[in-house]
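Chemist: Got a structure for you, questions after.
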Amino acid sequence: MSDKKAQLVLDGREKPIDLPVYEGSTGPSVIDVRSLVSEGVFTYDPGFVSTAACDSNITYIDGNAGILLHRGYPIEQLAEKSSFLEVSYLLLNGDLPSPQELASFEEKIRYHTMVDEQIHEFFKGFPRTAHPMAMLSAVVGGLSAFYHDDLDIDNADHRMQAAIRLIAKMPTLAAMCYKHGIGQPFIYPQNKMSLAENFVNMLFGTPCEETTVSPVIAKAVDTLFLLHADHEQNASTSTVRLAGSTGSNPYACLASGIAALWGPAHGGANEAVLDMLSKIGDESRIDEFLLKAKDKNDPFRLMGFGHRVYKNYDPRATVIRGICAEVLDELGVDNDPLFKIARKLEKLALEDDYFNERKLFPNVDFYSGIILKAMGIPTSLFTVIFATGRTPGWIAHWNEMLSNPYKIGRPRQLYKGETKRDYPA
Ligand code: ACO
């Protein structure tokens with residue numbers, strides 16, 4: 001801790017209030033405002049744009065420079081040299097695993113991919129038309145019914161066991177959401193397959209015939225999961241932390257994170273990108289939609305553009321852009337009209353002053369939606385795939401919080417309602 005201080009001068013108060021300033025290992029310093037409550041004032045920061053709600057050692061983002069580090073390692077290097085499960089280990093444990101540690105972690109994940117048969121019954125209660133995120137949040141929350149009484153959240157081994165179960169079961173549950181919607185039998189995970197191969201097989205396999213998973217597609221899915229594995233204190237991760245701060249069951253906390261991820265301003269953006277491309281419908285209408293996005297009287301925004309934190313190119317978008325080209329090539333769908341619209345829209349928006357001045361670049365969701373669509377995955381499943389990738393990040397943050405002293409999350413407010421008044425006699 002440094003001796004740096006900030007001083008708050010309040011009108012009508014004789015003395016300024018001294019507030020300690022703390023430095024992180026990199027990035028902005030923070031002003032500790034915790035003492036303000038005893039001075040009778042709160043800070044005001046709707047949307048938490050300038051508020052650090054916790055200490056964390058997991059992920060660092062410099063949005064202006066377009067930098068994303070997990071435990072210090074740049075995302076570009078991890079995407080090139082690592083795998084989703086290795087990054088999951090890294091997020092949870094702080095360092096990269098040795099080859100033996102990685103093999104043991106992968107083995108544990110493989111062993112936990114099946115879900116209790118009773119979970120199959122949950123799905124029978126859902127209409128076939130249910131949104132996959134509705135089913136996913138319900139069944140992940142439902143896991144807390146299976147893993148509760150014996151789970152001691154103050155025990156580090158128990159927390160790691162919950163992390164392994166969640167990372168392992170999420171692809172299985174995500175695929176079940178898809179299979180239920182199309183009325184096909186669930187496909188059990190196969191221990192001979194990697195996590196990504198298994199996921200593709202559980203999505204597209206049937207009991208009638210063997211499926212083969214193309215290595216290009218398996219690698220693309222693994223990298224998609226890896227790129228989504230963590231992103232610091234985003235809305236869904238903060239939701240998991242907030243729910244966890246009350247001592248809740250981790251599976252229930254993850255369900256709350258899934259709910260937060262669902263919205264189009266967060267994980268639902270890749271689904272919204274494809275809906276938008278379909279609405280545009282033809283390259284000749286791109287200009288019309290760009291005008292709509294720039295019109296302040298029109299609520300329409302260009303989906304897949306802009307980011308709360310990145311005011312530069314999202315480094316994940318650079319990686320995923322390359323994968324997108326590989327996947328379209330492998331699947332031979334390069335000439336699909338929707339993908340042509342996407343390419344032209346990207347080009348025109350990047351050349352447009354409105355988007356440049358506001359530093360609005362294509363985000364990771366712009367490309368992930370296109371890749372998933374090319375793979376034949378329905379748009380309503382996109383956010384479920386994001387949730388599957390984000391699981392190690394959510395659980396790593398939950399674990400980090402519980403491994404240290406923590407307080408229940410409880411924001412304050414600026415009250416603007418009626419003051420005390422009497423009920424009519
Ligand atoms: N299309 C058109 N204009 C936009 C867009 C967009 N996609 N995004 C931001 N702007 C404009 C705003 O209208 C504002 O303009 P102004 O300064 O003239 O008023 C300016 O850019 C700054 O935007 P903010 O709303 O202040 O940016 P904020 O950080 O609050 O929003 C957000 C970020 C929610 C991601 C926004 O860019 C957006 O809605 N994007 C589309 C949805 C999307 O792709 N979400 C995915 C996010 S990534 C993720 O969750 C993994």
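The values are calculated or read from the model by the stated rules, or taken from the named source; none is laboratory data. Predicted model only: the values in this text are computed from it and were never measured. So basically every Cβ, Gly included, is an ideal-geometry build from the backbone, and we count neighbours across all protein chains shown. These accessible areas exclude ligands, DNA and RNA; they are computed on the full protein's heavy atoms, side chains included. Shrake-Rupley method; radii C 1.70, N 1.55, O 1.52, S 1.80 Å.
Chemist: If packing is taken as the average number of other Cβ atoms within 10 Å across a peptide's residues, how do 257-263, 168-174 rank, most packed first?
Modeler: 168-174, 257-263
Chemist: Calculate the FRET efficiency for Asp32 and Tyr111 from the Cβ-Cβ distance with a Förster distance of 41 Å, rounded to the nearest 0.05.
Modeler: The computed FRET efficiency comes out at 0.40.
Chemist: Ok, one more. Would you mind computing Rg(Cα) / (2.2 N^0.38 Å) for the range 182-232, counting N as its residues?
Modeler: 1.26
Chemist: Express in nm, to one decimal, how much length is gained between Ala156 and Thr419 on full extension, taking 0.36 nm for each residue of separation and deducting their alpha carbon distance.
Modeler: Full extension of this stretch gives 90.0 nm more.
Chemist: Related question: Under the Kirkwood approximation for Rh and a Cα-based Rg, what ratio Rg/Rh is obtained for the range 192-280?
Modeler: 1.08
Chemist: Kirkwood Rh, the range 115-218, all Cα pairs: how many Å?
Modeler: 14.8 Å
Chemist: Here's another thing I want to ask about it. Using the Kirkwood formula over every pair of different C-alpha atoms, what hydrodynamic radius in Å results for the range 117-157?
Modeler: That comes to 11.8 Å for the range 117-157.
Chemist: Loop only per DSSP, at most 15 neighbouring Cβ atoms within 10 Å: give me the GluC sites (Glu not before Pro) in the range 1-40, ordered by residue number.
Modeler: Taking the range 1-40 and a limit of 15 other Cβ atoms within 10 Å, the loop GluC sites (Glu not before Pro) found are Glu14, Glu23.
Chemist: What number, in nm² with one decimal, is the all-direction average of the projected area of the convex hull of the alpha-carbon atoms of the range 1-91?
Modeler: Average projection, Cα convex hull of the range 1-91: 8.2 nm².
Chemist: Express the accessible area of the chain per residue in Å², computed with a 1.4 Å probe while the remaining protein chains stay in the model.
Modeler: Spelled out: the 1.4 Å probe surface of the chain, per residue, equals 51 Å².
Chemist: To the nearest 0.05, what FRET efficiency results for Arg412 and Asp3 with a Förster distance of 30 Å applied to their C-beta separation?
Modeler: So, using R0 = 30 Å, E works out to roughly 0.60.
Chemist: Next up: What is the gain in length, in nm to one decimal, between Thr211 and His148 on full extension, counting 0.36 nm per residue of separation less the C-alpha to C-alpha distance?
Modeler: Gain on extension, Thr211 to His148, equals 19.0 nm.
Chemist: What's the FRET efficiency of Ile182 with Asp282 using the Cβ-Cβ distance as r and R₀ = 25 Å, to the nearest 0.05?
Modeler: Rounded to the nearest 0.05, the efficiency is 0.30.
Chemist: At a 10 angstrom cut-off on C-beta neighbours, averaged per residue, how do the peptides 370-382, 101-113, 41-53 rank from highest to lowest?
Modeler: With the highest mean Cβ count within 10 Å placed first, the list reads 370-382, 101-113, 41-53.
Chemist: So for the pair Tyr73, Lys340, with labels modelled 7 Å out along Cα→Cβ, what separation do we get in nm?
Modeler: 4.1 nm
Chemist: Pick out, from Ala218, Phe199, Ile167, the residue whose Cα sits farthest towards the positive end of the charge dipole of the range 163-220, with +1 on the Cβ of Lys and Arg and -1 on the Cβ of Asp and Glu.
Modeler: Working it through, the farthest residue towards the positive pole turns out to be Ile167.
Chemist: With N residues in the range 345-391, what two-decimal value do you get for its Cα radius of gyration over 2.2 N^0.38 Å?
Modeler: 1.42
Chemist: Right, something else. For a 19 Å ceiling on Cα separation, which of these pairs sit above it: Lys81/Lys340; Lys219/Lys344; Lys279/Lys359; Lys340/Lys373; Lys292/Lys344?
Modeler: Lys81/Lys340; Lys219/Lys344; Lys279/Lys359
Chemist: While we're here: Starting from the exponent 0.38 and prefactor 2.2 Å, build the expected Rg for the range 293-425 from its residue count and divide its actual Cα Rg by it.
Modeler: 1.52
Chemist: Additional query: In what sequence, highest mean first, do 216-226, 128-138 appear when ranked by Cβ atoms within 10 angstrom?
Modeler: The most tightly packed comes first, giving 216-226, 128-138.
Chemist: For the chain, set up a Gaussian network in which alpha carbons nearer than 10 Å are linked by springs, and say which option among Asn64, Asn93, Asn363 fluctuates the most.
Modeler: Of Asn64, Asn93, Asn363, the Gaussian network model singles out Asn64 as fluctuating most.
Chemist: May I pose another question? Output needed for the chain: three equivalent-ellipsoid semi-axes, defined as square roots of 5 times the C-alpha gyration tensor eigenvalues, in descending order, whole Å.
Modeler: They are 36, 29, 23 Å, listed largest first.
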